[in-house]
Amino acid sequence: MPAASVILVEQVRSPGLSILRAFNYDTYAAANCLYIEAVKQMHFMLLFSRQGKLRLQKWFIAIGEREKKKIIREMTQSVLARQPKTCNFMDWKDLKIVYKRYASLYICCGMEDQDNELLTIEIMHRYVELLDKYFGNVCELDIIFNFEKAYFILDEFLMGGEVQETSKLSVSKCIEESDLMQETMEEYMSKPTF
Amino acid sequence: MAPSSVKLQELIRVIRTAKTQAEERGMIQKECADIRSAFRDEDPAFRCRNVAKLLYMHMLGYPAHFGQMECLKLIASPRFTDKRVGYLGAMLLLDERHDASLLITNSIKNDLNHSSQYIQGLALCTLGCMGSPEMCRDLATEVERLLKASNSYIKKKAALAAVHIVRKVPELIELFIPATKRLLGEKNHGVLHGTVILITEMCERSPDTLRKYRKVVPELVQIMKGLIMSGYSPEHNVAGISDPFLQVRILCLLRILGHHDGDASEAMNDILAQVATNTDTSKNAGNAILYETVLTIMDIRSESGLRVLAVNILGRFLLNNDKNIRYIAMMSLLKMVQTDHNAVQRHRGTIVDCLKDTDASVKRKALDLSLALVNAHNVRSMMKELLPFLDNCPPELRSDCASGVFLAAEKFAPSKRWHIDTILRVLTTAGSFVRDETVPNLIVLITNASELYCYTVHKLYRAVLNDISQQPLVQVASWCIGEYGDLLLTGVCEDVEPMQVTEDEVLDVLETLLQSHMSSPATRAYALTALMKLSTRIRDNVDRIRKVVSIYGSCIDVELQQRAVEYNALFKKYDHMRSAVLERMPLMEKGSPNHNDQSALISNGEREGGGETQGGVKLQPPVASQTMDLLDLIGVPDASLPEALPQPLSQPLTGQTGIESSVGGELLDLLGGIDFGGIPSITAYNKNGLSLEFSFQREQGSLLTITLQARNSTASDMTEFIFQAAVPKTVQLQLQAPSGDVVPAMNRGSVSQSILINNPNRVALKMRLRLSYSVQGSSVQDVAEVSNFPAQAWQ
């Protein structure tokens with residue numbers, strides 16, 4: 001249970017923004033703090049091919065399936081339409097899109113206004129390095145046929161749109177150990193692997 | 001016999017061989033059917049594999065909701081493989097809006113206490129990605145407990161799960177505060193990173209918490225120092241910099257803590273200076289840190305030396321070859337252009353050069369920044385850059401550029417002619433991208449530049465000869481040709497090469513506009529009115545105009561039809577009034593922001609007592625509405641025409657201070673004879689019981705407002721009272737609506753009316769009055785001269 005006796009009085013939701021008004025019984029003076037929950041984080045990370053085929057989608061905000069599809073379709077079109085040798089940033093609707101092309105794959109992140117774009121480029125690069133270390137000279141086919149592994153690696157690196165672990169070695173080690181756990185359990189149950 | 005199940009990778013391979021969308025759909029449907037029946041059979045053998053296949057098909061865009069419950073079963077399974085795929089499925093197929101997500105809560109709770117850290121990790125990760133507020137409330141204490149675990153792997157994941165909880169349920173902030181203070185002392189970078197993010201989230205959402213955390217600024221500074229000074233650490237090294245991710249997050253937190261707080265800002269001054277000067281900028285990682293440092297310096301109460309350092313860093317970024325760096329430099333400069341305007345001005349040259357960059361994003365930022373940097377000193381040179389940019393820029397930027405240029409020109413125009421030239425240039429190059437209010441604004445501007453009428457109409461005429469597709473340009477041009485067509489026909493102009501134009505040619509142009517399919521209905525209306533105005537300004541071709549007007553009397557467009565019919569009436573029944581009605585427009589002022597709401601009363605012959613009252617409105621001359629409103633009948637006496645029009649036909653709206661121009665005007669008695677501004681009132685007329693008193697107020701420059709009060713000392717009321725006035729040639733006069741037309745007998749009340757005078761040459765003020773009224777059944781008319789105006793009224 002929450003430590004302070006705070007009750008939720010009012011909640012107003014509009015897309016991307018929530019205003020919660022809470023009343024704190026303990027400290028009347030501090031009452032009526034307006035908690036503004038703005039979705040101020042990475043919204044999504046997408047990987048897609050040069051033909052626009054989706055290879056990985058990770059969403060960090062809660063929106064409906066149809067909206068997701070719409071965003072993916074429009075955004076991939078916008079990114080693919082960009083000229084070569086332009087900067088890696090694009091203003092799209094009210095988001096900033098940071099994208100980078102690695103061979104035949106595009107990685108795109110949808111960011112909020114306050115986020116540091118240059119750091120996002122580092123984040124995307126770190127993810128590609130992790131994939132590279134795991135698969136050994138990663139190419140698009142690796143990600144197609146082992147998409148679930150790509151997700152596992154991503155979930156070990158990012159959570160809620162934030163970086164979990166800043167050490168490359170540490171993340172790689174954890175993935176390897178998790179994989180080992182997988183095999184071991186399979187042997188235990190002597191069931192076929194997939 | 002259990003059906004055999006296709007392996008995941010085999011399925012992927014098969015689906016990729018499909019040559020058409022239809023073929024792929026067929027394969028998917030078949031596989032989905034197999035998977036569905038396997039789910040129905042509750043067979044745990046291949047559940048994991050089936051869900052994995054389902055997730056693949058989901059990524060291709062096919063529905064996969066029937067796998068949601070299976071994910072729940074996988075999560076509940078004891079096998080690690082199952083849990084891994086199950087949690088992945090939960091994150092991909094479920095989100096907090098689904099009711100099914102609540103069912104995972106129990107499984108997550110169990111897994112949070114599992115002996116294997118990787119299973120705990122899976123549970124924390126899932127909670128941190130898709131936990132609903134209810135789930136967060138249920139599991140918050142578990143997460144808080146894990147924050148105190150001994151295992152770094154768990155601690156760092158718990159910290160980020162707490163971040164998610166705080167985002168969804170901010171009331172739980174207090175729960176996590178004790179643990180975070182301890183976590184800041186950790187050595188593990190992952191844990192530190194997660195903790196810093198958690199503190200950042202908490203401080204952003206709760207001002208109380210922010211106050212509490214100001215105490216940790218010294219600790220954060222120490223951590224930064226450690227990162228910068230430490231030697232090479234292979235684990236966290238990126239391009240020679242130790243853990244840029246952590247550095248950036250700490251800088252971000254310092255920014256939040258130092259914002260609006262002098263003590264905290266002071267404590268971090270040194271470290272910021274150190275980072276700003278020592279960071280290696282050859283790689284992106286270094287630049288990311290430097291960027292965050294600059295943002296922090298600008299947002300806290302830093303000393304001026306530090307701010308200068310920050311702006312200089314941005315200046316260096318602007319010159320960087322890397323487009324990304326230039327882009328973010330401009331974005332940051334845009335944020336600080338209001339607060340540190342002079343510092344940003346120093347880089348104006350580089351910014352303006354970026355307008356020519358090939359990159360669309362860079363161009364956009366350069367445009368925004370350039371427009372923000374225009375001021376009175378550099379407006380000419382900036383426009384020299386911005387106008388060519390407008391010619392060549394991508395279409396999505398045209399509208400913003402045009403509006404920006406207009407605003408800048410309005411604020412900083414060095415001369416009226418320059419202003420008009422600039423606007424004409426924009427209209428000719430990007431006319432279809434400008435906003436709607438530019439047309440009336442431009443018309444006001446042109447009217448107020450009386451010395452440039454000839455120049456303006458010549459330029460506009462030339463422009464319209466070239467191109468009639470851009471509606472705003474055409475509208476302004478037709479308005480001008482209508483108003484000042486006589487100047488065009490004289491063939492004389494001092495400022496620009498005059499054109500030898502015949503009346504026929506001008507009428508041809510206007511008729512082309514009327515008939516062209518490119519003209520919008522509004523443009524047509526402008527053209528028709530312009531034609532009508534010309535009927536009083538030309539000599540020979542009035543019949544031609546009459547013919548055109550009568551043709552449009554049966555036009556399908558109702559708006560045009562009404563105009564044409566009324567203009568026809570002007571030709572026929574009210575021909576004696578035509579020249580007065582269609583005189584030159586008086587001076588207008590750009591008034592209140594909602595001057596678009598004010599509409600002139602249009603009807604011919606109807607009387608209205610007074611405008612809508614706007615009690616207490618600042619004294620301002622009325623804003624004459626746009627020519628869209630028919631028959632703006634505010635007359636201005638020209639050299640050739642002696643009289644202003646009867647007031648009831650016009651209807652500007654803004655009231656005058658203290659004068660309630662409602663019908664009846666009881667308040668006027670209270671205010672009669674008030675002396676404004678120290679200029680003595682005069683009795684302008686006093687005869688036969690009717691007395692007119694003038695009181696004066698000077699406005700800015702050469703504007704004067706005269707308020708007249710008409711009183712009647714005879715025994716019977718004076719009805720149908722009409723006041724008309726004329727002034728010398730160089731003076732402009734504008735009559736406003738009177739408060740009424742009955743002057744009550746025995747001085748029981750009065751009629752008041754405002755007269756606006758513009759006397760730019762400051763000639764001695766004289767006025768000729770014409771009065772007409774009815775008393776006791778007979779009508780009286782009188783003409784008088786007023787020459788006893790006090791000197792202060794016109795000097």
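The values are calculated or read from the model by the stated rules, or taken from the named source; none is laboratory data. Fair warning: this is a prediction, and the values are worked out from it, not measured in the lab. Here the Cβ is made from the backbone with ideal geometry for all residues, glycine too, and neighbour counts use every protein chain on show. Heads up: the accessible areas ignore ligands, DNA and RNA and are worked out on the full protein's heavy atoms, side chains in. Shrake-Rupley method; radii C 1.70, N 1.55, O 1.52, S 1.80 Å.
Points to keep in mind about this one:
- Of all residues making up the range B:90-139, the number that are of a type in the set (Asp, Glu), in a helix (DSSP H, G or I) and surrounded by fewer than 22 Cβ atoms within 10 Å (Cβ to Cβ): 2
- Pairs linking a residue in the range B:709-728 that is in a strand (DSSP E or B) to a residue that is among the aromatic types (Phe, Trp, Tyr) and crowded, with 22+ Cβ neighbours inside 10 Å, with Cβ atoms under 6 Å and 6 or more positions apart or on different chains, are B:718/B:773; B:720/B:773; B:721/B:773.
Let's see how each residue does on (1) at pLDDT below 50; (2) open to solvent by less than 60 Å² (accessible area, probe 1.4 Å); (3) polar (S, T, N, Q):
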| residue | (1), (2), (3) |
| --- | --- |
| A:7 | yes, no, no |
| A:32 | yes, no, yes |
| A:36 | yes, no, no |
| A:64 | no, yes, no |
| A:69 | no, no, no |
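- Residues in the range B:245-279 that are outside any helix (DSSP H, G or I), on the phi < 0 side of the Ramachandran plot and more than 14 Å from every other protein chain (Cβ to nearest Cβ): 1 in all.
- Residue in the range A:91-100 that is under 22 Å from residue B:60 (Cα atoms), crowded, with 21+ Cβ neighbours inside 10 Å and within 8 Å of chain B (Cβ to nearest Cβ) present: no
- Checking B:405, B:439 one by one, the residue that is part of a helix (DSSP H, G or I), out of contact with any Gly (no Cβ under 6 Å at 6 or more places or on another chain) and at pLDDT 85 or above is B:405 and no other.
- Residue satisfying condition, being of a type in the set (S, T, N, Q), under 50 Å from the mean Cα position of the chain (by Cα) and more than 10 Å from chain A (Cβ to nearest Cβ), within set B:126, B:105: B:105
- Pairs where the first residue, in the range B:772-789, is touching a residue at least 60 places away in the same chain (Cβ under 8 Å) and the second is of a type in the set (Phe, Trp, Tyr), C-beta under 6 Å, 6+ apart: B:773/B:721; B:780/B:773; B:784/B:685
- Any chance residue B:175 is open to solvent by 20 Å² or more (accessible area, probe 1.4 Å) and within 12 Å of chain A (Cβ to nearest Cβ): yes
- Of the candidates A:132, A:142, A:155, the single residue that is at pLDDT 90 or above and within 9 Å of chain B (Cβ to nearest Cβ) is A:155.
- Some residue of the range A:109-126 being within 10 Å of chain B (Cβ to nearest Cβ), within 17 Å of residue B:283 (Cβ to Cβ), open to solvent by 40 Å² or more (accessible area, probe 1.4 Å) and free of Cβ contacts under 8 Å to residues at least 40 places away in the same chain: yes
- When the range B:426-454 is limited to residues that are within 12 Å of residue B:405 (Cβ to Cβ) and β-branched (Val, Ile, Thr), the one that is most open to solvent (accessible area, probe 1.4 Å) turns out to be B:429.
- The range B:332-367, residues that are open to solvent by 60 Å² or more (accessible area, probe 1.4 Å) and either within 24 Å of residue B:287 (Cβ to Cβ) or within 14 Å of another protein chain (Cβ to nearest Cβ) (or both): B:335, B:339, B:346, B:348, B:353, B:356, B:358, B:364
- Residue check: residue B:529 meets all listed conditions (1) hydroxyl-bearing (Ser, Thr, Tyr); (2) assigned to a loop (DSSP other than H, G, I, E, B); (3) within 18 Å of residue B:584 (Cα to Cα) but one, namely (2).
- Members of the range B:1-19 that are more than 11 Å from residue B:31 (Cβ to Cβ) and at pLDDT below 85: B:1, B:2, B:3, B:4
- Every residue from the range B:759-773 that is open to solvent by less than 20 Å² (accessible area, probe 1.4 Å) and not in a loop (DSSP other than H, G, I, E, B): B:767, B:769, B:771, B:773
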